[in-house]
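K.L.:
This structure is in structure tokens; I'll ask about it shortly.
Values in this text are rule-based calculations from the coordinates and carry no lab data. On a predicted model such as this, the values are computed, not experimentally measured, just so you know. Here Cβ is always computed from backbone atoms with ideal geometry, including for glycine, and neighbour counts include all displayed protein chains.
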Amino acid sequence: MAEGSLGRGLDALIKKSSPKKKTDKKTDKKTDKTKQETIIKEVKKPKQPNNSFKLDDDKIEEIKKEINKNPRISLWSAKSAAVLRYLKKTTPEFSISNEASLILEEAIHDKYPEIWELFEDL
């Protein structure tokens, strides 16, 4: 069957593959590595917050007053608690509260930078 014997519609649907240019294998590996690094960076990017929050000065002041009275928060995380308790038992002068605060502050700052800025003075 000759190449031109297919109907025009079918010819349009079948893509003829063009021969690949011969390239240096090292160049291809570098390109693949760069693509993989780009994909990894995109996957690791923190989610940008949904900027649907409404700036409310009254709420901000109310929160600042509450925080001055009691800056504590409570949360439940069995794995995090286990890791931090392990560190407490194996690392001299390790403070679970200080470490949890540092980790949590960094994560919240990265996830909600616009809101974080509202409370920079605390």
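K.L.:
Between Asp58 and Glu93, what FRET efficiency comes out of the Förster formula 1/(1 + (r/R0)^6) with R0 = 35 Å and r the beta carbon distance, rounded to 0.05? Please report the intermediate quantities before stating the final value.
P.N.:
On the way: r = 42 Å, r/R0 = 1.20.
The pair Glu93/Asp58 has a calculated efficiency of 0.25.
K.L.:
How much length, in nm to one decimal, is gained on full extension between Glu106 and Glu66, taken as 0.36 nm per residue of separation minus their Cα-Cα distance? Intermediate values should be presented prior to the final figure.
P.N.:
Working: separation 40, 0.36 × 40 = 14.40 nm, distance 2.15 nm.
Result for the pair: 12.3 nm of gain on full extension.
K.L.:
Over every pair of different alpha-carbon atoms in the range 57-118, take the mean of 1/r and invert it; report that Kirkwood radius in Å. Working shown, then result.
P.N.:
Values: mean 1/r = 0.0730 Å⁻¹.
Averaging 1/r across every pair of different Cα atoms and inverting gives 13.7 Å.
K.L.:
How far, in nm, would the chain grow between Ala78 and Phe119 when pulled straight, counting 0.36 nm per residue and subtracting the alpha carbon separation?
P.N.:
11.9 nm
K.L.:
Output wanted: per-residue J couplings in Hz (rounded whole) for the range 109-118, from phi through Karplus 6.51 cos²θ - 1.76 cosθ + 1.60, θ = phi - 60°, x for Gly and Pro.
P.N.:
Residue by residue, the range 109-118 yields 4, 5, 7, 10, x, 5, 6, 3, 4, 5 Hz.
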